[in-house]
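Student: Take a look at this one; I'll ask things after.
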Amino acid sequence: MSDPRPVVADAGPLIVLAAIGQIGLLGELYGRVLVPEAVFTEVTIAGFDRPGSAELGAASWVVRTPVAPQPDLLLRRGLGLGESEAITLAFRNDARLLLLDDRRARQIAELAYGLRVKGAAGILVESKKRGLIASIATPLEQMRIAGYFLGQPVIDRALLEAGEGGSS
């Protein structure tokens, strides 16, 4: 039986997966994804002309979720509202997974809140392991071309986990 706990997403993975034409993987992998109101607004309204806007607004697997009460000020210190809401929503709903790329936000989510976190590269690895994509090398390169920062250690680890070796 699959884990019934929700998956929560921050803006970063949504935007970059949309930019490379792979946002649909989230629906295939997780069935439904809770997207905090601040993240939904950031991607669809504030970013209406950027990748992810139309795709997120039209995705049937997205559950737009208000976060009330708002995250406490300590969490918001140094993080954006979307990241703070994503961490708060994941924690309050005992999420099985938080989709989040920002390094500082990931550290806070994992260390202070005990959340399991996966970034865009990890989503690609999981997609390959489940047979949804044939390779992660091209999508990883597309992410870089789209201007998304991925450190070489992240790329090397993802390629290794996907059984595609390291980088050149």
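The values are calculated or read from the model by the stated rules, or taken from the named source; none is laboratory data. Only a predicted model underlies this, so the values are computations on that prediction, with no experimental measurement involved. Note that each Cβ is placed from the backbone with ideal geometry, even for glycine, and that neighbours are counted across all protein chains shown.
Student: Checking residue 94 against (1) surrounded by 13 or more Cβ atoms within 10 Å (Cβ to Cβ); (2) acidic (Asp, Glu); (3) outside any helix (DSSP H, G or I), which single condition isn't satisfied?
Tutor: (1)
Student: Additional query: Tell me which residues, restricted to the stretch 68-91, are of a type in the set (A, V, I, L, M, F, W, C), farther than 20 Å from residue 5 by Cβ, within 16 Å of the chain's Cα centre (by Cα) and assigned to a helix (DSSP H, G or I).
Tutor: Correct list: 81 only.
Student: Considering 141, 85, which residue is closer than 27 Å to residue 68 by Cα and free of Cβ contacts under 8 Å to residues at least 60 places away in the same chain?
Tutor: Checking each option against the conditions leaves just 85.
Student: I'd like to know if the stretch 149-158 contains one or more residues that are within 16 Å of residue 33 (Cα to Cα) and either more than 17 Å from the chain's Cα centre (by Cα) or at pLDDT 95 or above (or both). Walk me through how you get there before you give the answer.
Tutor: Step one: of the stretch 149-158, the residues within 16 Å of residue 33 (Cα to Cα) are none.
No, that holds for no residue.
Student: Would you mind stating whether residue 133 is outside any helix (DSSP H, G or I), closer than 16 Å to residue 23 by Cβ, modelled with pLDDT of 95 or more and of a type outside the set (Phe, Trp, Tyr)? Reasoning before the result, please.
Tutor: Details: outside any helix (DSSP H, G or I): yes; closer than 16 Å to residue 23 by Cβ: yes; modelled with pLDDT of 95 or more: yes; of a type outside the set (Phe, Trp, Tyr): yes.
Taking the combined requirement at face value, the residue satisfies it.
Student: Considering only residues of the stretch 107-125 that are assigned to a helix (DSSP H, G or I) and in contact with a strand residue (DSSP E or B) (Cβ under 7 Å, 6 or more places away or on another chain), which is surrounded by the fewest Cβ atoms within 10 Å (Cβ to Cβ)?
Tutor: Pass one, the stretch 107-125, residues assigned to a helix (DSSP H, G or I): 107-112, 120-125.
Filter once more, so that each one left must be in contact with a strand residue (DSSP E or B) (Cβ under 7 Å, 6 or more places away or on another chain): 109-110, 123.
Working: 109: 27, 110: 15, 123: 26.
Residue satisfying both the conditions and the ranking: 110.
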